[in-house]
Every structure is written in structure tokens, then in C-alpha cells.
1. Given R₀ = 22 Å, FRET efficiency for GLN200-THR49 by Cβ-Cβ distance, to 0.05?
2. Mind putting a number on the dipole of the range 26-139 about its Cα centre? Charges go on the C-beta only, +1 for Lys and Arg and -1 for Asp and Glu, and I need it in Debye to the nearest 20.
3. Principal axis lengths of the range 115-211 from Cα atoms, whole Å, largest first?
4. Throw me the Rg/Rh for the chain, computed over C-alpha atoms with Kirkwood Rh, two decimals.
5. Give me the number: length gained by fully extending SER30 to GLU146, i.e. 0.36 nm times residue separation minus the C-alpha to C-alpha distance, one decimal in nm.
6. Per the 1.4 Å probe, what fraction of the accessible area of the chain, in percent, lies on carbon and sulfur atoms?
7. Provide the per residue accessible area, probe 1.4 Å, for the chain, rounded to a whole number of square angstrom.
8. Given H placed 1.01 Å from N in the peptide plane, which residues other than close sequence neighbours of ASP79 have an amide H under 5 Å from its amide H?
Amino acid sequence: ESSVFGEGELHDTVVLWRPDTIVSLQELPSGGEVTVPLTLTLREAGEDTTVGIELDARIGKDAPLDIVGPRLSFPLLSDARLRAFVREMSDDKPDDGQRAFRVYVSVTNTMHDLDDLNISARLAEDITWVDVNSRSAGDIRFDESEQRVSWTLNALPASVRRIDGSFDILVPADKVSNGFLVTDIVFRATDRVVHTPIEQRIEGITALETE
């Protein structure tokens, strides 16, 4: 479909881009370039899945020139996913006008082993760090000078499908419904199979973003 192949036409396993649907293909000057989007949806993917693409082009009408390009292979990045939410701790209500919340962070991963994992997040202004509540593995630390929480792990094998961590914060009562409690949540790791960095971001989470 055009939403997937960028005005291309799918014929079995072949996608055709034609000059009658892509105007920039009608005439290409010396040194010119045409870019067409291509998005593929896979029904299944495993640890060794590789996407292969062969590119061919035909130039001209009366005496067409056929160009056969090289076969391109694209190994898949692992399917790691970052998630974060908060939950108010109803059994722990301070008497100083603040409210207690617990921040939950998780990463799911099923395809490739990951190395050098780091998950970091910044506490919003006026939010007070309390302590680490739990973690599946690794080390969670808080840098008071930067108001930043950092969770590091040396490695995560694909056999471990999920890791979870949580920490506690205090929130002024007037800030609970006013903006992010935690911002700039960033997950970084290296896919050991394809030797490629992975990075995912969540802009922030509010008190309304519960599980």
C-alpha cells in the first residue's frame, strides 16, 4: 500500500516505483537524487532474522538501460522497549504537605543480548528523592547535584525477558496535578548481535500516568 511503500505498487514480492506516480522520477539531472520511503512490517521475527532487499532500475524508454544493484541485508535490532509510570503510595502520607509516589521503570527484551545498559531520569523541580525501592539487577543511584537517577547494568541476556526497578519520591501537593514529576527518561544499550546502539526516550511522566 502507498502508506507503506511510498507511492509504490506491490506485485507479489516486488515493489515498483513509477514516474507516473512519483514526479521526481520523470527526469533526473546529472548528480540528482530521488528518495522513496519503504517501511516493511514483519509477521514474525527471531534472533537471526535478516531483511534482504534487491534493487533494480530501468532508465529511459526507447533504449532502456537496466541497472542491477547489490543485494542489501539488514539485521534487526533487538525489540527492547522502555516503560515508566508512577503510583501514589496511599499508606505513606507525610505530614508536611507532600505526597509520596513510587516511580516504576521497566525494560522488556526478547531477541538479542544487550550490553552496557543505562536508564536515566531527571526529577522535576521541587521533587524530593527518597530512596531505591527495588531492582531486578544492576545498580540504581541518585546524583543530587543534577537531580538525576541512573540505573546501570553490564548486560542483559535475551533469556531474561524483563527487568524492573522502582524508587520513591516526595511531591509537593500543589505539583501533583501540575506537569511532569519525572522528565527526560532515557534508555541506552548496545545490541550484542548487530553491534548497534539502542536509544529510547520518554519525555516525562505525570501523576496521571499510572499502570
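1. In this case the efficiency is close to 0.65.
2. It works out to roughly 300 debye.
3. Here the spans come out as 47, 28, 22 Å, largest first.
4. 1.17
5. So the extension gain works out to 36.5 nm.
6. Carbon and sulfur: 48 percent of the exposed surface of the chain.
7. Counting only protein heavy atoms, the per-residue value for the chain is 65 Å².
8. Sorted by chain and number, the residues that satisfy this are THR110, MET111, HIS112.
The values are calculated or read from the model by the stated rules, or taken from the named source; none is laboratory data. Values in this document were obtained by computation on a predicted structure and should not be read as measured data. Here the Cβ is made from the backbone with ideal geometry for all residues, glycine too, and neighbour counts use every protein chain on show. Surface areas here come from the heavy atoms of the whole protein model, side chains and all, with no ligands, DNA or RNA. Shrake-Rupley method; radii C 1.70, N 1.55, O 1.52, S 1.80 Å.
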